[in-house]
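**Q** The structure that follows is given in the form of structure tokens.
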Amino acid sequence: MNLLVTRPAEDAEKTCAAIEAMGHVAVSAPLFRVVSLPHATDAAFDALLATSAHAPRLLANSIRMQTAALPFFAVGDATAHAAQVAGFRDVRSAQGDAAALAALVHSVMPRGARLLYLAGNPRRDRAVQALEGTFTLEALEIYETHAVEKLSDAAVAGLKAEDLDAVLHFSPRATQVFLALADKAGLIRHSDRLMHICISDAARDPRLIRCKVAAEPTLQGMLEALKTS
């Protein structure tokens, strides 16, 4: 199948390679640019957590060196791998979504522990923010994402030629941006004929006529959902 991948350019190459290794054709059409933000903290923490691989990848070296030995809780395997590459030695993956990450932290850390949440801007992680009721949680914004102003040439060409089979949506915001840009380009009708595979129920949008939600919030889960479409 020909799949449109809407991940940021920093993630698209690896995602596209994984998709093509499974026998599909991946068309990269990043919807966001990731920009590092200045950040610093002097506080002491008991553990770190992140819901995106961008956070450990872009974390300031000074903070990384001070916290490398602390438990690092990652939302999934991609974020866990990025944390390991960044030098964190005690990395634990929730292998799920933000709710799974929050549950993992609850199961391991004592009540009142000080947690450093490596966040992006804008945030979309209510489950993680709910940890504030049990722990002392400090959110440190490491990066921000900016939506692009138009679909890539590859996406436009694929939609117009009707040779795409599906679009992969990796977040609620990505779904919204894709639909807005498709409408802006006059390609909503072309989009409607595609199967839209959402990484979670939160990423589903009522405007999607043909839609499947992954049973688990991973790329593998999304491709499994595609098989049943």
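**Q** May I ask you to derive the FRET efficiency for Ala185 and Met22 from their Cβ-Cβ distance with R0 = 35 Å, giving the value to the nearest 0.05?
**A** Numbers: r = 29 Å, r/R0 = 0.82.
Step by step, r from the Cβ atoms, then E = 0.75.
**Q** Moving to a separate point now. Among bridges DSSP assigns within the stretch 73-141, what percent are antiparallel (round to 5)?
**A** Numbers: 0 of 8 bridges.
If we restrict to bridges inside the stretch 73-141, about 0 percent are antiparallel.
**Q** Could you calculate the FRET efficiency of Ala43 with Gln84 from 1/(1 + (r/R0)^6), where r is the beta carbon distance between them and R0 is 30 Å, rounded to 0.05? The partial results should precede the final answer.
**A** Values: r = 24 Å, r/R0 = 0.80.
So the FRET efficiency works out to roughly 0.80.
**Q** I would also like to ask the following. Stretch Ala103-Arg64 to full length: gain in nm at 0.36 nm per residue minus the Cα-Cα span? Numbers along the way, then the final one.
**A** Numbers: separation 39, 0.36 × 39 = 14.04 nm, distance 2.43 nm.
Difference between extended and current length: 11.6 nm.
**Q** Amide H neighbours of Tyr143 under 5 Å, counting only residues 5+ apart in sequence or on other chains, H built in-plane at 1.01 Å?
**A** Result for Tyr143 returns Leu37, Asn121.
**Q** Turning to a different aspect of this structure: Loop-only GluC sites (Glu not before Pro) in the stretch 137-189, please: DSSP not H, G, I, E or B, and at most 13 other Cβ atoms within 10 Å.
**A** Values: sites: Glu138, Glu141, Glu144, Glu149, Glu162; in loops: Glu149, Glu162.
Answer by residue number: Glu149, Glu162.
**Q** Here's something else I'd like to know. Springs between alpha-carbon pairs under 10 angstrom, Gaussian network model over the chain: which of Ala157, Ala102, Ala78 fluctuates most?
**A** Comparing Ala157, Ala102, Ala78 in a Gaussian network model of the chain, the most mobile one is Ala157.
**Q** Mind checking which of Asp153, Asp46, Asp97 has the largest fluctuation in a GNM of the chain, springs on alpha carbons under 10 Å?
**A** Greatest mean-square fluctuation among the candidates belongs to Asp153.
**Q** Here's another thing I want to ask about it. So, in Å, what gap is there between the alpha-carbon centers of the stretch 1-66 and the stretch 182-229?
**A** 21 Å
**Q** Right, another one. Explain nothing, just the number: dipole magnitude of the stretch 97-143 about its Cα centre with +1 on each Lys and Arg Cβ and -1 on each Asp and Glu Cβ, in debye rounded to the nearest 20.
**A** On the way: 5 positive and 5 negative charges, 17 e Å.
Value, rounded to 20: 80 debye.
**Q** Rolling a 1.4 Å sphere over the protein heavy atoms, what is the accessible area per residue of the stretch 1-111, to the nearest Å²? Could the numbers behind the result be given before it?
**A** On the way: 5270 Å² over 111 residues.
With the other protein chains kept in place, the stretch 1-111 gives 47 Å² per residue.
**Q** Could you work out the relative contact order of the chain? I mean the mean sequence separation of Cα pairs under 8 Å and 6+ apart, divided by the number of residues, in percent. Before the final figure, lay out each step's value.
**A** Working: 455 pairs, mean separation 44.5, N = 229.
Relative contact order here is 19 percent.
**Q** Relative contact order for the stretch 28-149: what percent, with Cα pairs under 8 Å and sequence separation of 6 or more?
**A** Values: 240 pairs, mean separation 41.1, N = 122.
Reported relative contact order: 34 percent.
**Q** While we're on this one: Quick one: work out the % antiparallel among DSSP beta bridges in the chain, nearest 5.
**A** Details: 5 of 38 bridges.
The antiparallel proportion sits near 15 percent.
**Q** Can you give the helix-only mean residue ellipticity at 222 nm for the chain, where every DSSP H stretch with n ≥ 4 adds -39500 (n - 2.57) and the sum goes over all residues, rounded to the nearest 500 deg cm²/dmol?
**A** Working: 10 runs with 85 residues, N = 229.
For the chain, the value works out to -10000 deg cm²/dmol.
**Q** Compare Leu49, Leu31, Leu58 in a GNM of the chain, Cα atoms joined below 10 Å, and give the one with the largest fluctuation.
**A** Ranking Leu49, Leu31, Leu58 by mean-square fluctuation puts Leu58 first.
**Q** Still on this structure, please answer the following. P(r) for the chain, please, calculated from all Cα pair distances in 10 Å bins and given in %.
**A** 8, 32, 33, 19, 7, 1
The values are calculated or read from the model by the stated rules, or taken from the named source; none is laboratory data. The structure presented is a predicted model; accordingly, all values stated were derived computationally and were not measured. Because the Cβ atoms are built from the backbone with ideal geometry, glycine has one as well, and the counts that use them run over all protein chains shown. When the accessible area is computed, the model is the full protein with side chains, heavy atoms only, and any ligands, DNA or RNA have been set aside. Shrake-Rupley method; radii C 1.70, N 1.55, O 1.52, S 1.80 Å.
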